[in-house]
Amino acid sequence: MRAGTKLPLTCQRCLGPVETDLEVDRWFRFVADEAAAEAQDDDCEEDLLALEPRPNLYEVLEDELLMALPLVPVHGICPVQWPMQARDPAVPDEEGSGRPNPFAVLQKLKK
Ligand SMILES: [Zn+2]
């Protein structure tokens, strides 16, 4: 069984979104029921999946993906500045593009 997905996780360093690739590649051997699964559990590498009671494959897949999740998602290199970093007041505030920069307003008043 192979499943892949991308999850937008939160970077624990810069708190920005991290696109995290998740891929699960796993073999399941289907057996008749729980008893058969227990009987064969010792001598096989694959995970055994009993067909009776009928397994919910979505739940199985969800468990596998959850186990593949990184415990602490972080960027290799954070694409943005750390929010804790002190902002230089002389640098225009790009995030608040709707607001006029007070220094730019002063510049206009001088002319
Ligand atoms: Zn980051």
(message) Of everything in segment 14-34, what is over 20 Å from the mean Cα position of the chain (by Cα) and of a type in the set (Lys, Arg)? Give them in sequence order.
(response) Arg29
(request) For segment 24-59, name all the residues that are surrounded by 13 or more Cβ atoms within 10 Å (Cβ to Cβ) and closer than 20 Å to Lys6 by Cβ. (result) Val24, Arg26
(request) Of all residues in segment 13-23, count the ones that are surrounded by 16 or more Cβ atoms within 10 Å (Cβ to Cβ) and more than 16 Å from the ligand (Cβ to nearest atom). (result) 1
(message) Just to be sure I understand the filter: pairs with C-beta atoms under 6 Å, separated by 6 or more residues or on different chains, first member in segment 8-37 and closer than 17 Å to Leu69 by Cβ, second member small (Gly, Ala, Ser) and assigned to a strand (DSSP E or B). Which pairs pass?
(response) Glu23/Gly4; Val24/Ala3
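Throughout, read-outs are computed from the coordinates displayed, never taken from laboratory work. Please read these numbers as outputs of a predicted model, since none were measured by experiment. Methodologically, a virtual Cβ is constructed for each residue, glycine included, from the backbone with ideal geometry; neighbour enumeration extends over all protein chains shown.
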